[in-house]
Amino acid sequence: MADMGRLLPLLALTVLAGCSVSETVQELPLDDDSAISCAIGSATQFTRNCSVERVVIDNKLFLVIHHDNGGFRRLEVLTDGRGVVAADGADNATIKVFDGEIEVTIGPDRYLLPAVIADNGAQ
């Protein structure tokens, strides 16, 4: 299996959903088993009780987000301008870009992922 620590810095993710075309997510600075904030199901407040595992399968990077109740979601990290997409299930992922993070929503679940956002200056 490839060294995941070397693959993540090489990714340049362009996120178009919820942001202008001048913003790109250059990197998701996550360590293995990083704790992230999430709001699962009907929760209205984010709590820092989800963890992220990076998995490489067939040269594709996946983020597996583990819930504290045992559930999980898999996201595929893309390099084609969409950022991340849900890798499993019928629900699509939607993305909102904020300063220093992205909010990913899949069904009733929401996740805040750290991200290095670049302003490319395009309008």
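No value in this document is a laboratory result; all are computed from the given coordinates. Just so it is clear, the model here is predicted, and its values are computed rather than measured. So basically every Cβ, Gly included, is an ideal-geometry build from the backbone, and we count neighbours across all protein chains shown.
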*asked:* So, R0 is 22 Å and r is the distance between the beta-carbons of ASN49 and PHE98; what FRET efficiency does that work out to, to 0.05?
replied: 0.65
*Step through the residues of the range 69-75 one at a time and calculate ³J(HN,Hα) from phi using the Karplus curve (6.51 cos²θ - 1.76 cosθ + 1.60, θ = phi - 60°), rounding each to whole Hz and writing x for Gly and Pro.*
8, x, x, 7, 10, 10, 10
*ASP91 to ASN59: FRET efficiency via 1/(1 + (r/R0)^6), r the Cβ-Cβ distance, R0 30 Å, to the nearest 0.05?*
0.75
*Amide H to amide H, which residues 5 or more places from LEU78 or on other chains are under 5 Å from it, using H placed in the peptide plane?*
GLY83, VAL84, VAL85
_5 Å is the cut-off here: which amide hydrogens, built 1.01 Å from N in the peptide plane, fall below it relative to SER37, excluding neighbours closer than 5 in sequence?_
LEU112
